[in-house]
1. Can you name the residue in region 32-42 that is open to solvent by 70 Å² or more (accessible area, probe 1.4 Å) and under 17 Å from Val18 (Cβ atoms) and, of all such residues, is nearest to the chain's Cα centre (by Cα)?
2. Select from region 43-68 the residues that are over 14 Å from the mean Cα position of the chain (by Cα) and open to solvent by 80 Å² or more (accessible area, probe 1.4 Å) and list them in ascending order.
3. Run Glu27 past the list (1) within 13 Å of the chain's Cα centre (by Cα); (2) open to solvent by less than 70 Å² (accessible area, probe 1.4 Å) and report the number of the one that doesn't hold.
4. Collect the residues in region 48-78 that are over 15 Å from Cys35 (Cα atoms) and touching a strand residue (DSSP E or B) at 6+ places or on another chain (Cβ under 7 Å), keeping them in residue-number order.
Amino acid sequence: MLVLVVTWEADQGKESEVISTFAKLAEGSRKEAGCRMYVVHRHVEEPRKFLVYEQYDNEAALQGHRDSAHFQQYALKELPALGKRIDADLYNEL
């Protein structure tokens, strides 16, 4: 299993739009073959900061996620207009 952890920061005043866009991305992602979990979190003290926790069966499932129409639309087109990715780390299950 692969785990991807992504940290995002919304532009000032764009938090609601980021939440809406992540909701659409999460909905599509959870329906993908090989996606075990896709959860978006909002920082308690820094409301512009978001953490996305994703689990995939394997590299092929992760690549399928990246190739999906919803990822292309929301992660590559819409979210970058609303903020920036701070970090992305990929982990293997022990």
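The values are calculated or read from the model by the stated rules, or taken from the named source; none is laboratory data. For clarity, every value in this text was computed on a predicted model and none was experimentally measured. Neighbour counts are summed over all protein chains in view; Cβ atoms, including those assigned to glycine, are modelled from backbone coordinates with ideal geometry. We work out accessible area using only protein heavy atoms, side chains counted, and drop any ligands, DNA or RNA first. Shrake-Rupley method; radii C 1.70, N 1.55, O 1.52, S 1.80 Å.
1. Keep residues of region 32-42 that are open to solvent by 70 Å² or more (accessible area, probe 1.4 Å), which gives 33, 36-37, 41-42.
Filter once more, so that each one left must be under 17 Å from Val18 (Cβ atoms): 41-42.
Values: His41: 10, Arg42: 12 Å.
Ranking the candidates gives His41 first.
2. Within region 43-68, Val44, Glu45, Glu46, Glu59 qualify.
3. In the conditions (1) within 13 Å of the chain's Cα centre (by Cα); (2) open to solvent by less than 70 Å² (accessible area, probe 1.4 Å), Glu27 misses (2) alone.
4. Answer for region 48-78, where residues must be over 15 Å from Cys35 (Cα atoms) and touching a strand residue (DSSP E or B) at 6+ places or on another chain (Cβ under 7 Å): Arg48, Lys49, Phe50, Leu51.
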